Every structure is written in structure tokens, then in C-alpha cells.
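Novice: I have a structure here, written as C-alpha cells, and I will follow up with some questions on it.
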Amino acid sequence: MDIYIDTANLEEIKNAVDMGIIDGCTTNPAIVAKEGCEFESRMKEILALVKGPVSIEVTTIDVDTMVEEAVKYSKWGDNVVVKIPMDANGLRATKILTEKGIKTNVTCCMSSTQAVLAAKAGATYVSLFYGRIADMGYDAMYELADAVNIFEHSGFESKIIAGSLRSVADVMTAIRAGVHIVTVPPASLNKMYVHPRTKETIQEFLDFWADYKKKHK
């Protein structure tokens with residue numbers, strides 16, 4: 001199971017890289033726009049910072065333009081993965097890009113049915129949006145676990161990414177469902193290593209040591 005960070009903020013990415021806790025990075029047009037940065041230069045900075053896969057999303061739903069953008073992105077680094085939207089055109093583009101040897105991440109999947117089609121089209125990764133599935137009133141964990149089970153029994157090589165994870169609880173639910181990858185926003189990622197009892201215990205040990213040094217000067 002791998003953890004990707006879901007952001008285009010360089011400081012947040014660097015902090016996670018320095019801790020050795022991430023295996024890749026995912027971005028999308030919304031989070032890039034929030035950074036107010038120049039798109040290509042920021043993506044190249046992230047690609048240099050993160051050694052694992054970095055997902056960069058196309059900005060169109062036209063097949064030819066998606067392929068054109070994907071080919072351009074793929075030249076930015078060996079760790080580029082191109083995010084393609086889940087629809088009929090996205091499946092067509094995924095097939096074309098797979099034949100060209102370009103890694104893809106079919107995104108915005110809301111059901112195991114869509115995930116299966118993405119895998120059949122040759123997607124390297126398939127992103128199921130946990131939080132948005134739950135927003136619609138569906139059992140998000142079931143959809144993740146169902147996709148995992150189908151992929152295992154069908155021998156699909158595509159890896160399942162759980163996205164739209166809004167809390168540490170969401171992250172752990174996705175992990176328990178058996179997905180290959182969770183992509184986590186920094187706000188949740190930075191809470192995963194925090195526990196009040198851990199902090200108290202560490203402070204207790206430090207206090208004991210400080211007391212010991214005072215007595216053995």
C-alpha cells in the first residue's frame with residue numbers, strides 16, 4: 001500500500017518527502033489553480049522533488065486534445081502519470097495513450113463499474129473518489145472493496161487509488177478496503193502521525209531523563 005500526497009504546494013510536498021512517508025503525488029486543475037502558479041514550471045518542480053509517480057491532469061474532454069496534452073506532459077519526466085477523466089472520450093484517450101506507452105490515471109470514478117472499464121481500457125491507475133461517492137449516499141467502502149475484489153479476481157494490472165479522502169478516518173477506511181494507493185491531502189496527512197497519548201508519553205520520558213540528569217551531575 002502506497003501513500004501519495006494530494007497537493008501542488010511545494011512546501012507541503014517537501015515536508016512529506018523529508019519525512020519519507022510518501023510514494024508519489026497527485027494534482028488536479030483545481031489544486032493547481034489555488035496555488036496561483038505557472039502550470040508547467042510547477043509540475044516540473046514537483047516531478048523533480050517527488051521520485052515516485054506524479055499525476056498531472058489534462059484540461060479538456062476532447063480526445064485529440066487530451067492525447068496531445070498527455071504526450072506533452074509525458075516528456076516532462078519519467079515519473080509522469082497523466083490523469084484522464086472517466087467518460088467515453090476518456091476511455092478512448094486512455095486506450096490510445098496506453099498503446100503509446102504513456103502511463104495514465106483514470107480519474108473521477110464513482111463506482112466499481114467505472115473502475116472496471118478504466119482497467120479494461122489499459123489505465124495504469126484508477127482513481128475512485130471515496131468522499132464524493134459517500135456524498136451521493138452510496139457505501140463508499142463497499143465500492144472500494146468491490147473494485148479491489150474484482151481487480152484481484154480478474155487479474156487486472158491497474159492499481160486502485162482512493163481519492164477524495166477528507167479525514168484520517170477516511171484514509172484508514174480506504175486502506176482497510178484494500179486499495180493499492182491512498183492519495184491524502186496535507187491537512188489529513190499531517191494528522192496521521194499525531195496522537196495526544198503519544199505526545200504525553202514522549203514528554204514523560206523527557207521529564208524522567210531531565211530529572212535523572214539533575215540527580216547525577
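Novice: Please state which one of LEU165, LEU206 is under 22 Å from LYS83 (Cβ atoms) and surrounded by 10 or more Cβ atoms within 10 Å (Cβ to Cβ).
Specialist: Details: LEU206 fails: under 22 Å from LYS83 (Cβ atoms).
Residue meeting the stated conditions: LEU165.
Novice: To continue, here is another question. Which fully enclosed strands (runs of 3 or more DSSP E) of the stretch 1-113 have 3 or more residues being buried (at least 19 other Cβ atoms within 10 Å of the Cβ), in contact with a strand residue (DSSP E or B) (Cβ under 7 Å, 6 or more places away or on another chain) and polar (S, T, N, Q)? If you could, list the steps in order and put the result at the bottom.
Specialist: Details: elements: 2-6, 24-26, 54-57, 80-85, 104-109.
Answer list for the stretch 1-113: 104-109.
Novice: Quickly run through the stretch 92-123 and pick out the residues that are among the small types (Gly, Ala, Ser) and in contact (Cβ under 8 Å) with a residue 40 or more places away in the chain. Steps first, answer last, please.
Specialist: Filtering the stretch 92-123 down to residues among the small types (Gly, Ala, Ser) leaves 93, 101, 111-112, 115, 118-119, 121-123.
Result: ALA115, ALA118.
Novice: Right, here's the next one. Enumerate the helices (runs of 4 or more DSSP H) found wholly within the stretch 133-217, keeping only those where 2 or more residues are among the hydroxyl-bearing types (Ser, Thr, Tyr), at pLDDT 95 or above and farther than 26 Å from LYS103 by Cα.
Specialist: On the way: elements: 140-154, 168-176, 186-189, 196-215.
Of the helices (runs of 4 or more DSSP H) lying wholly inside the stretch 133-217, those with at least 2 residues that are among the hydroxyl-bearing types (Ser, Thr, Tyr), at pLDDT 95 or above and farther than 26 Å from LYS103 by Cα span 196-215.
Novice: What do you reckon, is VAL116 surrounded by 19 or more Cβ atoms within 10 Å (Cβ to Cβ) and under 21 Å from PRO185 (Cα atoms)? If you could, list the steps in order and put the result at the bottom.
Specialist: Numbers: surrounded by 19 or more Cβ atoms within 10 Å (Cβ to Cβ): yes; under 21 Å from PRO185 (Cα atoms): no.
Answer is no for this residue.
Novice: Let me ask something else. Anything in the stretch 174-209 that is closer than 20 Å to MET141 by Cα and of a type in the set (Ser, Thr, Tyr)? List them, or say none. So that I can check it myself, show each step before the final result.
Specialist: Applying the first criterion (closer than 20 Å to MET141 by Cα) to the stretch 174-209 yields 174-185, 188-189, 192.
THR183, SER188 - these are the residues of the stretch 174-209 that are closer than 20 Å to MET141 by Cα and of a type in the set (Ser, Thr, Tyr).
The values are calculated or read from the model by the stated rules, or taken from the named source; none is laboratory data. Nothing here was measured: the structure is a model prediction, and the numbers come from that model. Virtual Cβ from ideal backbone geometry, glycine too; neighbours counted across all protein chains shown.
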